[in-house]
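Take a look at the structure set out below.
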Amino acid sequence: MRHQDDQWLKEIYRDIFPRVAAMVRRMGGDLDMAKDIFQDAVIIYLEKQRQHTLPEQAPAMAYLVGIARICCVRKLKREGEHISLEQVPEEMVIPADYYAPAPVQRPLLDYIKATGKRCLELLRAFYYDDLSISEIASDFQFKNPHTVSVQKYKCLEKVRTQLQQMDYAETVS
Amino acid sequence: MRKQLADTREIEQYLEQQMPAASRLLFQVRMLLDPMIKEKVAAQRKVLQLVRWLGREEKKKQLDQVFGQLMQDETFHHTITTIFK
């Protein structure tokens, strides 16, 4: 499966993580918090890059440090610190569902992961990695693009049915 | 495409806001009249949330591994631990 190149990730850790870590330290955080904040910033950056919602020609360094600061302030505020956060520019807004809890409970999550690994990978390629049909056909070794679309809908239907059945079972019990 | 898959595709178009305004309105009326469709829409929305959540979890694992590898590097390790001394 296509993943962000480890080499690129190593470079940004080397170049940018020390700056983010120093900022988190100044704000009163520890190494674990700096790691979490940096991970969040990288993930949000990559999502916005795939959705083409990054500001034009924004250097990765400036964006990552900026979003990390916003994530850090948010985390400290949740822990009760009184820190004010100035108006956040639209391109730096954290996705609304980013800090939401898992949409399904752990036992169901494990069940879906165990029974539908390939389906989840296919759906991730479509809806999270935003890969094209031809990239997915090649990664998943489908013969033609039409098969990819049909398979995607079958997978959506399969996982959706599992969720509905579990919801029903919970309601009945 | 069989009926069930056609429904799934239609729900996807609704959730991804890829439906023309008139079809969207019609679909909303259908949801009001048919609780089954409404349930399917809610469950399919949850599938998309789940896929996004799992995508982020996987990415965090990858980032953890990269960080772990880098911390084996003496210079990087020193730079980071010095910040938190």
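The values are calculated or read from the model by the stated rules, or taken from the named source; none is laboratory data. Everything numeric in this text was worked out from a predicted model, so none of it was measured. All Cβ positions, glycine included, derive from the backbone under ideal geometry; neighbour counts span all protein chains shown. Surface areas here come from the heavy atoms of the whole protein model, side chains and all, with no ligands, DNA or RNA. Shrake-Rupley method; radii C 1.70, N 1.55, O 1.52, S 1.80 Å.
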Filter result for B:Leu63 (in a helix (DSSP H, G or I), closer than 30 Å to B:Gln4 by Cβ and out of contact with any Cys (no Cβ under 7 Å at 6 or more places or on another chain)): no
Among (1) at pLDDT 85 or above; (2) over 30 Å from A:Arg26 (Cα atoms), the one test that A:Cys71 misses: (2)
The range A:28-52, subset over 13 Å from A:Pro95 (Cα atoms) and assigned to a loop (DSSP other than H, G, I, E, B), residue least open to solvent (accessible area, probe 1.4 Å): A:Gly29
Subset of the range A:132-164 that is buried (at least 20 other Cβ atoms within 10 Å of the Cβ) and more than 10 Å from chain B (Cβ to nearest Cβ) - its residue that is farthest from B:Thr8 (Cα to Cα): A:Ile136
Any hit, the range B:31-54, residues being open to solvent by 70 Å² or more (accessible area, probe 1.4 Å), closer than 30 Å to A:Leu46 by Cβ, out of contact with any Ser or Thr (no Cβ under 8 Å at 6 or more places or on another chain) and more than 12 Å from every other protein chain (Cβ to nearest Cβ): no
Residue in the range A:118-127 that is of a type in the set (D, E, K, R), within 8 Å of chain B (Cβ to nearest Cβ) and touching a helix residue (DSSP H, G or I) at 6+ places or on another chain (Cβ under 8 Å) present: yes
Test: residue in the range B:9-23 that is among the hydrophobic types (A, V, I, L, M, F, W, C), within 12 Å of chain A (Cβ to nearest Cβ) and open to solvent by less than 70 Å² (accessible area, probe 1.4 Å): yes
Members of the range B:1-30 found to be farther than 18 Å from A:Thr161 by Cβ and more than 18 Å from the chain's Cα centre (by Cα), listed by number: B:Met19, B:Pro20, B:Ala21, B:Ala22, B:Ser23, B:Arg24, B:Leu25, B:Leu26, B:Phe27, B:Gln28, B:Val29, B:Arg30
Failed criterion for A:Pro55 (all others in (1) open to solvent by 10 Å² or more (accessible area, probe 1.4 Å); (2) more than 8 Å from chain B (Cβ to nearest Cβ); (3) at pLDDT 95 or above hold): (3)
